[in-house]
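Have a look at the structure below, then the notes.
Quick note: the coordinates plus some simple rules give every number you see, no bench work behind them. Please read all numbers here as calculations on a predicted model, not as lab measurements. Cβ atoms come from the backbone with ideal geometry, glycine included; neighbour counts cover every protein chain shown.
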Amino acid sequence: MIIDLSTPTTVRFGRGRLAELGAVTAERGRDALLVCGRTSARRHGHLDAALSSLADAGVRVTVFDDVSPDPRAHEIDAAVAQARAAGCDVVIGLGGGSALDAAKAVAVSLRHGPCGPLVGRTLERTADPVPVIAVPTTAGSGAEVTKGAIVTDTDRSLKAGIRGDDLFPAVALIDPALLRSVPARVAAESGFDALAHAVEGYVARRANAITRHHAEWALGLLGHRLPQAVAGDLSDEVLDDMALAALLGGLNVANASTCLPHRVQQAMGAVPRVRISHGRGLAAVYPAWLELTYAHAPGSFDRIGELLGGPDVGLALGRIMEDTGVREGLGAHGFAPGDLETVAGSVVGNTANDPNPSLDDTTVKAILEHSMT
C-alpha cells in the first residue's frame, strides 16, 4: 500500500470558533486584508463579528468586498493593490468558495505577480508565502483546506485553477453556526459540490485508502443531511455534519484531486453569456458522466450508491438531486447546442485522474450532449 497525504492547514472546527479569528490572525500578522463577497457577509453579521474579533486582538484590517461569484483576475489585482497600499501581511477569506479562492489568489499574487498569467498554472513554492486564514460560511467547496483557487482570466476567457502548496491556507476556522444564514438554493449548490468531491475522491485514479475513508464518511453524512439542510433543518447536528462533509471533501480534493466533471464545469466559463454556479454546473453533467463512466469503476460506484441509500448510484444520486432542486440540464441554464463545442474545446487540466482511461474529445462532447436536458 502506498499513500501520499498532504494536510498542512491547521483546522479549528466547532460552533462559535469565529470568535477566535482575531487571536488566530494575530499569530501570523498585524495588518490583514479581509476578502469577502459584496453582500452576504455584511447582511448576515459575519463581517461585523469578524471585525470585532480582529479589533479585540489588535489586528488592523482592510476590507476588500468586490468579489464576483466567480472571481476575476482583475478583481484579484485590485485587492492586491489595496493590500500593498495598506502593508498587509496576512489575508483572511470570509465567505463561500469564491471568497476563499479570491483570498488565496490574492496571497499568491502578492508573491508571484499579476493574477491573470497565474491562471491555469501550478506555482513553485516560495520561502515566505503570505498566510491565509480561511473562514467558510457555506458547506461545499472545501477551499479552506485545498491548494488551489479557481479564477477567471477574462482576457483569455479562461476559468481554471491556480495551484501549488502556497495556496494551502495556514488555518481553516470552521464555525458550523455560520451556515444558519445560507439560503436553501445556495445550500443545494454548495452541498452538491461537497457530494461531488466525495464521489470523485472515491473513484479518482489518485484515490487512496484515506481519501476513500473520507469519501465514505462524507457520503454517509450527505445522503441524509444535504436534503435536510436544503429543506430548512438548521439544527446543530445537521449544520455540524454539513460543515464536516465539506471539510472531508476538501481534504480529498487536496490529496486525490477531482475528475472530469470539475474540468467540464470550469470550461463552462468559456461561454460568458451563461452564468451558472459551480454546483449547478456539476449537477447538470453528473448523470451523464456517471452513465458513461460506471463501467470503468463499477464496484466503487456501487459502494457509493449503497452509501447514498441505493438501490444504485444513478437512482440514489438522482433522488438527492430531485430532493434538493439541482436536477436541471444545461439547456435549462441557457446553454445552446452550439455552445457545446466551445465548452468541450475549453476543457483544461488533468483528465488522467478520471476512472475512464481513454477520455477524449468525443467522450466529453457525448457527456455534454447527454446533459442538455
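Observations on the structure shown:
- 3J(HN,Hα) from dihedral phi, the range 11-19, Karplus parametrisation 6.51/-1.76/1.60, rounded to Hz, x for glycine, proline: 9, 10, 10, x, 4, x, 6, 4, 4
- Overall, the anisotropy analysis places the range 268-324 in the oblate class: the square-rooted eigenvalues a ≥ b ≥ c of its C-alpha gyration tensor yield a/c not less than 1.5, with a/b not exceeding b/c.
- GNM top mover of VAL11, VAL90, VAL108 - the chain, alpha-carbon springs below 10 Å: VAL11
- Think of each Lys and Arg Cβ as +1 and each Asp and Glu Cβ as -1; about the Cα centre, that makes the dipole of the chain roughly 520 debye.
- Computed over the chain: relative contact order in percent, which uses C-alpha pairs under 8 Å that are six or more apart: 16
- With respect to the chain, whose longest principal axis is taken over its alpha-carbon atoms, helix 361-370 is tilted by about 80°.
- Residue among PRO311, VAL238, ALA336 farthest towards the positive dipole end of the range 226-373, charges placed on Cβ: ALA336
- Footprinting exposure proxy for ASP236, ASP66 (fewest neighbouring C-beta atoms within 10 Å first): ASP236, ASP66
- Residues whose amide H comes within less than 5 Å of that of VAL63, counting only those at least five positions distant or on another chain, are LEU34 (H built at 1.01 Å from N in the peptide plane).
- Furthest towards positive pole of dipole, SER98, LEU359, GLY223, structure part the chain, Cβ charges: SER98
- Gyration tensor (alpha-carbon) shape descriptor, the range 299-373, a/c threshold 1.5: oblate
- Among (1) 72, 48, 42; (2) 113, 63, 44; (3) 56, 44, 44, the entry derived from the coordinates for Cα extents along the principal axes in Å: (3)
- Helix 313-324 vs. the chain, principal-axis angle (Cα, 0 to 90°, nearest 10): 50
- What the pair-distance distribution of the range 178-219 shows, using all Cα-Cα distances binned every 5 Å from zero, is 6, 25, 22, 17, 13, 11, 6, 0 percent.
- FRET efficiency estimate (nearest 0.05) - Cβ-Cβ, ALA184 to ARG42, R0 35 angstrom: 0.95
- Options ALA160, ALA196, ALA177, ranked by Cα towards positive dipole end of the range 77-200, top entry (Cβ charges): ALA160
- Degrees between helix 97-112 axis and first principal axis of the chain (Cα, 0 to 90, nearest 10): 60
- Sequence-distant lysines (8 or more away, or on other chains) whose Cα lies within less than 18 Å of LYS147: LYS104, LYS159
- From helices alone, the chain scores -15000 deg cm²/dmol at 222 nm; the rule is -39500 (n - 2.57) for each run of n ≥ 4 DSSP H residues, then divide by the residue total.
- Coarse-grained scattering of the range 1-154 at q = 0.10, 0.11, 0.19 Å⁻¹, given as base-10 log I(q)/I(0) from a Debye sum over alpha-carbon atoms: -0.32, -0.39, -1.19
- The range 1-131, dipole about Cα centre (Lys/Arg Cβ +1, Asp/Glu Cβ -1), debye to the nearest 20: 160
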